[in-house]
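These notes concern the structure reproduced below.
The values are calculated or read from the model by the stated rules, or taken from the named source; none is laboratory data. These figures come from a predicted structure and were not determined experimentally. Here the Cβ positions follow ideal geometry from the backbone for every residue, glycine too, while neighbour counts run over all protein chains shown. Heavy atoms of the whole protein, side chains included, go into the accessibility calculation; ligands, DNA and RNA do not. Shrake-Rupley method; radii C 1.70, N 1.55, O 1.52, S 1.80 Å.
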Amino acid sequence: MSAADQLEQDQHWMQRALELAREAEAAGEVPVGAVLVKDGELLAEGFNQPISSHDPSAHAEMVVLRDAAQKLQNYRLPGTTLYVTLEPCPMCAGALVHARVERVVYAAPEPRTGAAGSVMNVLQHEALNHRCEVDNGVCEQESVDLIRAFFKARRQAKA
């Protein structure tokens, strides 16, 4: 696949992840969405749900991994690409490595808890037995704007 074709595909799937992030926002969750793709086909999609589900592990990535593993009846997800609107945290990055996700594409960096290079790099840590290919910055500004607006509205609501 050419670089231009790959970018077009990445933008397509990230737009779907952004739509899911907006669904999370509408549900009162931090606006993060994710999709998992294999061979150009959607395997699973989801968005942040820790607040509504009372589950600290219900990040968008975890929701997607659980759904895909159930669909495939396999906890390993080789040959897949995860598109997520925010850089994975250490918990999600660890799960992505354990699931053997091949590639992770994220939109916006997470300067406080990012585990794909911002704070640490769990996804490509040399001590682990699997490393994910990582690409970032696809639809970055759109994701940053969505997250900033969400937290600005929450701060204003508290004031």
In degrees, nearest 10, range 0 to 90: what is the angle between the Cα axis of helix 3-26 and the longest Cα principal axis of the chain? 40 degrees
Selection of GluC sites (Glu not before Pro), region 96-149, meeting DSSP coil and at most 11 other Cβ within 10 Å: Glu126
Could you derive backbone 3J(HN,Hα) for region 94-100 from the dihedral phi with the Karplus parameters 6.51, -1.76 and 1.60 (θ = phi - 60°), listing whole Hz in sequence and x where the residue is Gly or Pro? x, 5, 5, 5, 4, 7, 6
Positive minus negative residues near Glu29 (Lys, Arg vs Asp, Glu; Cβ under 15 Å): -4
Spin-label model distance (nm) - Tyr75 vs Glu23, 7 Å beyond Cα toward Cβ: 2.7 nm
Mind giving me the nanometre distance, one decimal, between the label points for Ser53 and Arg112, set 7 Å out from Cα along Cα→Cβ? 2.1 nm
Using only Cα atoms and rounding to the nearest 10 degrees, what angle (0 to 90) does helix 140-158 make with the longest principal axis of the chain? 30 degrees
Fraction of accessible area attributable to carbon and sulfur, region 95-137 (%, probe 1.4 Å): 45 percent
1/(1 + (r/R0)^6) with r = Cβ-Cβ of Ala149 and Asp67, R0 = 25 Å, i.e. FRET efficiency to nearest 0.05, evaluates to 0.35
Could you give the accessible area per residue of region 2-81, probe 1.4 Å, as a whole number in Å²? 50 Å²
On C-alpha positions alone, give me the angle between the axis of helix 60-72 and the longest principal axis of the chain, in degrees, nearest 10. 40 degrees
Is region 6-89 rounded, prolate or oblate when judged by the Cα gyration tensor, a ≥ b ≥ c being the square roots of its eigenvalues, rounded requiring a/c under 1.5 and prolate requiring a/b larger than b/c? oblate
If I stretch the segment between Leu42 and Ala3 completely, what's the gain in nm (0.36 nm per residue apart, minus their alpha carbon distance), one decimal? 12.0 nm
